[in-house]
Amino acid sequence: LPTANLHTANLHTANLHTANLHTANLHTANLHTANLHTANLHTANLHTANLHTANLPTANLPTANLPTANLPTANLHTANLHTANLHTANLHTANLHTANLHTANLHTANLHTANLHTANLHTANLHTANLHTANLHTANLPTANLPTANLPTANLPTANLPTANLHTANLHTANLPTANLPTANLHTANLHTANLPTAKTLHGT
């Protein structure tokens, strides 16, 4: 189904396990609990698609258009979302464990308790993303844009944030014990009770 037009198709519990949906138009398709395990969705248009609990553990979505996609508990374990547009996507408790989100647009995405354990978020746009209690344990965020990100209780113990823009980020009780933040912009950041005992800030000072 490489270029299929499935615009408003009801694929609710469809088994699309290894389906080739390369550039398929799935604009508002209902894929609620669909099995898309290793499906190739390379540049598929999933604009407002309902992927609520969809199984996409290794799905290929490098440039997928998912600006308002509903993915609250979606399994995207090692999914390739390289430059995917997830602008305001609901990824509430999504499993993005080792997902490749290198330059993904997650501008105002809801990542409230998302598992981003070792996710590659290298230069991802997380501008005003809700990362409230997100697990970013060893996440790679070296130049991530997080100026007003909500990270009050985020778990960032060994996160790589060397030049991350955390300008007014809320890091209220965030756990950053050995986080690498040598030139990070923490201008007016809220670090009220943050754990930063050996964190490298201001060029290691």
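The values are calculated or read from the model by the stated rules, or taken from the named source; none is laboratory data. Just so we're clear, the structure is a prediction, and the values are computed from it rather than from any experiment. All Cβ positions, even for glycine, are placed from backbone atoms using ideal geometry, and neighbour counts span all protein chains on display.
Numerical summary
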item	result
Test result for ALA124, hydrophobic (A, V, I, L, M, F, W, C), at pLDDT below 95 and under 20 Å from ALA194 (Cα atoms)	no
Given (1) within 21 Å of PRO72 (Cβ to Cβ); (2) surrounded by 23 or more Cβ atoms within 10 Å (Cβ to Cβ), index of the condition HIS112 fails	(2)
Selection status of HIS117, modelled with pLDDT of 90 or more, part of a loop (DSSP other than H, G, I, E, B), more than 16 Å from THR173 (Cα to Cα) and in contact with a Ser or Thr (Cβ under 8 Å, 6 or more places away or on another chain)	yes
